[in-house]
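In what follows, a structure is listed as structure tokens, so that the remarks can point back to it.
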Amino acid sequence: MNDLVPELDNFQQKIDDEQRIEPKDWMPEKYRLNLIRQMSQHAHSEVIGMQPEGNWISSAPSLYRKIVLLSKVQDEAGHGLYLYSATETLGITRAEMNARLQSGESKYASIFNYPSLTWADVGAIGWLVDGAAIVNQVSLQRTSYGPYARAMIRICKEESFHQRQGYDIMVKLAEGSPAQREMAQDAINRWWWPSLMMFGPHDSDSVNSQQSMKWKIKRQSNDELRQKFVDQTVQQCEILKLELPDPDLRWNEERQHYDFGEIDWDEFYQVIKGNGHCNRDRIKHHVKAHKEGAWVREAMTAYAGKKAQRKDAA
Amino acid sequence: MTEPDNLSTYVLRLADDAMVLGQRISEWTSNSPNLEEDIANSNVALDYLGRARMLYAYAATMLNTTEDDLAFMRDARQYTNLLMHELPKGDYAFSTVRQFFIDSFDVLYFEQLIHSGDAQLAAIAAKTFKECQYHVRRSRDLMVRLGDGTDESNSRMQTALDELWGYRHELFMDDELETELQQQGVAITRADLQPKWDAAIQDCLTEATLSIPEADWTVSGGRAGVHSEHLGHMLDDMQCLHRSHPGVTW
Amino acid sequence: MSESTLVLFEVFVRSNRGLDHQHVGSVYASDHEQALVNARDVYIRRGEGVSIWVVKTTDIVASQESDVDTFYDPMDDKAYRHAMSYPMPEGVKNI
């Protein structure tokens, strides 16, 4: 089939040669749609991801933590915006992406459907959820679509502070009072498995993976990235003297990797399907802010129109 | 904690102003009309919270306590912020008008405070003045856009003006303590700033096709810890976690 | 959807005096002035810039990939424009 479409050969050749695809380049429609799906999902995840932590800004336990958390959540808005910008180069508007998010047609990382119940969750999210996200994003700095790769580079630069501030929260809790330690362990217990799920289904069960690898939209497989995350996190948890909730977790000398237990995929699909605590809340929150802001956006547009008219008249 | 003197009381007042408004602005994070505004609001909130920290830290050295004790362990009756700062964020019009009122005041106030005889305050004022100049540029711009936008936005902005109008008086009230500090070259005479503030507001409202509210009224009491009903609830939310684990490190 | 009435602007940031402005992304705004303010808030949260340009996305005219043969390739054969095409005798300095 490739022979019938010379552009396709040319396109694949570029990708095989590690060149980036840029917005004006010819690309297969499926590549474009695949990217829109993945990039907008990524953008939505940043924006929806503001909520579980954002809920703690008002009651952060110290001024310093409040400021750090606020700037972190602000970064997530920024990252969402970078990614929407990059996605728009594929011929879709932010308004369309928002509509798809709100209608449920477009997804966001399912982990944000879990509730953040205590302050320790802010630490665990920064350390584990952002940690997992970074492993994925570092890999995506080499993704084949230029604007996506550049957004990832910018995001990775900013994101390392996110994971560190999360870990720093965990360190303080782990060194703190019994109640603080307990809070920290409880948060790890609840966020560990969902963090592993963030990398998506096993390679063998992943619907979009193969084509994405061929087009180098994805650079490493779900299982590879997950393993990398586990390997780097175990030691960090040991330093906290807290435990990862997996009895099967142990070093495998032969593989030079950690073995770990089987993920509860039933839970994963249940939460994606809408059976998480916060599926409805997250979208409702987004819709509410969007609706309440409609008059503001309309006013800004109306004002710009009037100003342009006055300029013309003058 | 040492018994507060004039200077530490004054610094605490400024700190409380920044703290309470910073807390209110941060409520827009993930709730703004679009991502651009969301990010901008977080920036402004960060400036205010940063200012609060600097001032609390300074007061804490004088009072032999910590910035967090000052922020988290005092009750609403002990908070001495001006009332306008503590009002719930309301709709975007309300927050914009409040911000513009306060930015317009702060830019005048901190420009003067740079010359305070107290070196620490002068340094904080210098940093704050820079931030305020950007804040007022942004909030004034929004005033005009939303005032002269659509019928709906104009009417919301006018309503917000009406609801906030009577709170402005408190910005310009000098009590005995601040007058004394002013005589010592430490504080600024608030009343002196009013003509310039009035002119800046009038100038902006004209451009924004909004009008000065007809009804005037005055509410005050913030400096004496007599607040709106809202502050206590805001502090409940803000202080609860900190207070439920006494003496720990976060 | 009301965002679609706001306009997309491309943002270019000069990160330090003496450097070129570089494209960093885009923002929505109702006009240039607001775009500038938004770009400041979004793209220089860590003091990454000393100057910003904003340009309406629709005002950018871009070359097409299909132009490559006629647009850029002819420039490809002018090796003499690159310093590397002039081997220098061993030992010559400062050139």
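The values are calculated or read from the model by the stated rules, or taken from the named source; none is laboratory data. Since the model is a prediction, treat every value here as computed from it, not as a measurement. Cβ: placed from backbone, ideal geometry, glycine included. Neighbour counts: every protein chain shown. For the accessible areas, the whole protein counts, side chains as well, though only heavy atoms, and no ligand, DNA or RNA atoms are used. Shrake-Rupley method; radii C 1.70, N 1.55, O 1.52, S 1.80 Å.
A few notes on this one:
- Across q = 0.13, 0.28, 0.33 Å⁻¹, the range B:119-165 modelled as identical point scatterers on its alpha-carbon atoms has Debye log10 I(q)/I(0) values of -0.45, -0.93, -1.05, in the order of the q list.
- Pairwise label distance in nanometres, B:Ala119 with A:Ala308, each label 7 Å out on the Cα-Cβ vector: 5.5
- Hz values of 3J(HN,Hα) by residue in the range A:56-66 - Karplus curve (6.51, -1.76, 1.60), Gly and Pro given as x: 9, 4, 5, 10, 3, x, 8, 4, 4, 5, 4
- For chain A, the dipole from Cβ point charges (+1 on Lys and Arg, -1 on Asp and Glu) about the Cα centre works out to 1720 debye, to the nearest 20.
- Helix B:119-147 vs. chain B, principal-axis angle (Cα, 0 to 90°, nearest 10): 20
- Taking label points 7 Å from Cα along the Cα-to-Cβ direction, A:Asn10 and B:Val248 give a separation of 6.3 nm.
- Theoretical ellipticity at 222 nm over chain B - DSSP helices of four or more residues, -39500 (n - 2.57) apiece, nearest 500: -21500 deg cm²/dmol
- Accessible surface of the range A:1-66, 1.4 Å probe: 52 percent of it comes from carbon and sulfur atoms.
- Neighbouring partner chain Cβ atoms per residue of A:169-180, average, 10 Å criterion: 2
- Within straight-line reach of A:Lys241, meaning a Cα separation under 19 Å, sit the following lysines at least 8 residues removed in sequence or on another chain: A:Lys172.
- Between A:Val234 and B:Asp174, the simple spin-label model (points 7 angstrom out along Cα→Cβ) gives 7.0 nm.
- Candidate lysines - alpha carbon under 29 Å from A:Lys284, same-chain residues fewer than 8 apart omitted: A:Lys66, A:Lys72, A:Lys107, A:Lys273, B:Lys89
- Theoretical ellipticity at 222 nm over chain A - DSSP helices of four or more residues, -39500 (n - 2.57) apiece, nearest 500: -21000 deg cm²/dmol
- Taking B:Ala76, B:Ala60, B:Ala123 as the candidate residues, the one with maximal mean-square fluctuation in a Gaussian network model of chain B, Cα springs under 10 Å, is B:Ala123.
- Taking A:Tyr82, A:Tyr145, A:Tyr303 as the candidate residues, the one with maximal mean-square fluctuation in a Gaussian network model of chain A, Cα springs under 10 Å, is A:Tyr303.
- Reducing the range A:279-314 and the range B:115-169 to their Cα centroids gives an inter-centroid distance of 21 Å.
- Inter-chain Cβ neighbour average for residues A:240-251, partner chain, 10 Å: 0
- Taking a straight line from the alpha carbon of A:Lys214, these lysines sit under 18 Å away, with near neighbours fewer than eight places off in the same chain left out: A:Lys14, A:Lys30.
- Rel. contact order, % - alpha carbon contacts under 8 angstrom, at least six apart, the range C:1-60: 42
- Ratio of Rg to Rh for chain A: 1.01 [Cα atoms; Kirkwood radius as inverse mean 1/r over pairs].
- Shielding by partners for peptide A:304-310, expressed as the average number of C-beta atoms from other protein chains within 10 Å of each residue's C-beta, is 4.
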